[in-house]
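Read-outs: derived from the displayed coordinates by stated rules, not from any lab. Keep in mind the model is a prediction, meaning the values are calculated, not measured. With ideal geometry, Cβ positions are generated from the backbone for all residues, glycine too; neighbour counts draw on all protein chains shown.
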Amino acid sequence: MTHEAISVFDIFKIGIGPSSSHTLGPWKASLLCIEELTHSNQLLAVKKIQVLLYGSLAKTGIGHGTDLAVQLGLCGYDPTTFQPDDIQPILDEIKEKQTLNFAQKKELNFNPTEDIIFYMEESLPYHPNAMSFLIALENGEQISKTYYSIGGGFVTKDNDDNPMTTAIELPFEIDSAKQLETHCLKTGLSISEVVFENESEWRGEQETINGLLAIWQVMEDCIYRGCQQEGILPGGLNVTRRAKKLSQKLLKGQSYNNYEEWIHAIENSPDMSGQNFRYTLDWVSCFALAVNEENASFSRVVTAPTNGAAGVIPAVLHYYLTFFKVDKQKAIQKFLLTAGEIGSIFKKRATISAAMGGCQAEIGVSSAMAAAALCECMGGTVKQALMAAEIAMEHHLGMTCDPIGGLVQVPCIERNTMGAIKAITAAQLSLQSNPYDAKVSLDKVVKTMLETAMDMNTKYKETSDGGLAINIPISLPEC
């Protein structure tokens, strides 16, 4: 029997910021287009290609770098390994020569200002994040391919209603929190242990462990890198980076030369005496700011479960690893496995796309993921971990997505600090509670989130047509 099988590595993807749905998704769609043309032996017969962006992809595409992403994708570059420093030189060359090295195999005439078309007042019915490739072949034939970026870097083709359905049979089918809880109670396994058993159907155990550690390494690098950078974020909104200044303020003049020395300085700060709670929460905010300032700078991040919410899980996990005496490798595995499964439940039963559900689908989901993971890592039961996820999401319900200027900066960056703090609070509250007394289950809050998403006015779903986006006067450069 087939079902929607989602791996933890589908939820956590290494890529380039600033948006999983508007940058990573379109980039991957471009690669899928190349793949299809290759399989049909039409790749070298392509004479001309144009990209049509619809709905939310069009409205906030410039601010999210959608136009940049499709060009890099059409060149055949892999977002997982592509070096962020190479972005601008390649784009400058395309613009100057008005040619594109299609799939690294063929030079095509391509003028970004004419061949990437933004249909801001048009949407396709399946999903607000739609894009089509209009392709002219050498023999005069015209073909079209349509894709949808459905959140978190997931991409589906037109008429493909369930892109993640696979023929794989997992030992534990999980499509709801109730199913997950039942598997755990029947086997005596924790959430992370159940998920690890499922992951072993895709690959060997050591490969899964290595993959999780690699995901964390990118997150860790992103936190540290973000705390060393200063200046103004790109895009024209003139947002000042804050993570480095906050880090320096908290360290009170302590020096360091690398990540290990930085952590040592944090752990040995005078403010750490007596485990100063305010000090540790200031660092949580710093970690989250660092990641999302890097994300806004087209740097390398991990989709968790989206790029706009990429700072929550790294911030909470880094908080746990830094301020608690734990086996770091085991903690990383347990945390990411638990968080990934909670994210997949939201993906299956609701949405992780802000263009579909507002920011509750991004920051809310990431906060729920982090809350459950932290709760389990701190000794919580399965029921307490699921309760922590429910608490975190319950207090994000209805959150709109209203990015100023279509940039993943205001209010997105600060919202990651809020999501991280709420996750920690939810985990602590759950650990001090009897989950059998809970009035709301995780499945019910997932259902409520989806209903809220469907009721939410479209202008609050990543369009920059409502909320802060229209109430904060700004002057961005012409695109």
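Given 5 Å bins starting at zero, what is the percent of C-alpha pairs of the range 3-165 in each, up to the one with the largest pair distance?
2, 9, 19, 23, 21, 16, 8, 2, 0, 0
Too long at a 24 Å Cα-Cα cut-off: which of LYS347/LYS444; LYS13/LYS347; LYS13/LYS325?
Table pairs above 24 Å Cα-Cα are LYS13/LYS325.
For the chain, what does -39500 (n - 2.57) per DSSP helix run (n ≥ 4), summed and divided by total residues, give at 222 nm, in deg cm²/dmol to the nearest 500?
Dividing the helical sum by the residues of the chain leaves -15000 deg cm²/dmol.
For the cross-link pairs LYS28/LYS461; LYS47/LYS97; LYS252/LYS330; LYS334/LYS422; LYS97/LYS461; LYS244/LYS459, which exceed 25 Å when the distance is taken from alpha carbon to alpha carbon?
LYS252/LYS330; LYS97/LYS461; LYS244/LYS459
Tell me the label-point distance for the pair GLU36, PHE324, using the 7 Å Cα-to-Cβ offset, in nm and rounded to one decimal.
4.5 nm
Could you give each residue of the range 445-456 its phi-based ³J(HN,Hα) in whole Hz, using Karplus coefficients 6.51, -1.76, 1.60 with θ = phi - 60°, and x for Gly or Pro?
With coefficients 6.51, -1.76 and 1.60, one gets 6, 5, 4, 5, 4, 5, 4, 4, 4, 5, 7, 5 Hz.
Hey, got the dipole for the chain? About the Cα centre, +1 on K and R Cβ, -1 on D and E Cβ, debye to the nearest 20?
Computed charge dipole of the chain: roughly 960 debye.
Give the calculated FRET efficiency between GLU114 and LYS47 to the nearest 0.05, with a Förster radius of 22 Å applied to their Cβ-Cβ distance.
So the FRET efficiency works out to roughly 0.90.
Would you please name the GluC sites (Glu not before Pro) within the range 56-163 that are DSSP coil residues with at most 16 other C-beta atoms within 10 Å of their C-beta?
Here the sparse-neighbourhood loop sites are GLU121, GLU122, GLU138, GLU141.
Give the separation of the Cα centroids, the range 260-339 to the range 416-474, in Å.
After rounding, the separation between the Cα centres reads 21 Å.
List the GluC sites (Glu not before Pro) in the range 376-479 that DSSP assigns to loop (not H, G, I, E or B) and whose Cβ has at most 15 other Cβ atoms within 10 Å. Which are they?
The qualifying sites are GLU478.
Check each of the trypsin sites (Lys or Arg not before Pro) in the range 358-459 and keep only those in coil by DSSP with at most 11 other C-beta atoms within 10 angstrom; list them in order.
LYS439
I need THR66, THR400 ordered by Cβ neighbour count within 10 Å, fewest first.
Ordered from fewest to most neighbouring Cβ atoms within 10 Å, THR66, THR400 come out as THR400, THR66.
Would you mind counting up the charge near GLU181? Only other residues with Cβ under 12 Å from its Cβ, with Lys and Arg at +1 and Asp and Glu at -1.
Spelling it out: positives minus negatives among the neighbours equals 0.
Between GLU173 and ASN276, what FRET efficiency comes out of the Förster formula 1/(1 + (r/R0)^6) with R0 = 41 Å and r the beta carbon distance, rounded to 0.05?
Once the sixth-power term is evaluated, E becomes 0.35.
Rg and Dmax of the chain, Cα atoms, in Å?
Every Cα atom of the chain included, Rg and Dmax give 22.0, 75 Å.
On alpha carbon coordinates alone, what is the Rg over Rh value for the range 301-450, Rh being the Kirkwood radius?
0.96
Only Cα pairs under 8 Å and at least 6 apart count here; give the relative contact order of the chain as a rounded whole percent.
Over the chain, the number comes to 19 percent.
Work out the length of the dipole vector of the range 3-165 about its Cα centre, built from +1 on the beta-carbon of each Lys and Arg and -1 on the beta-carbon of each Asp and Glu, and round it to the nearest 20 debye.
With only Lys, Arg, Asp and Glu charged at Cβ, the dipole is about 60 debye.
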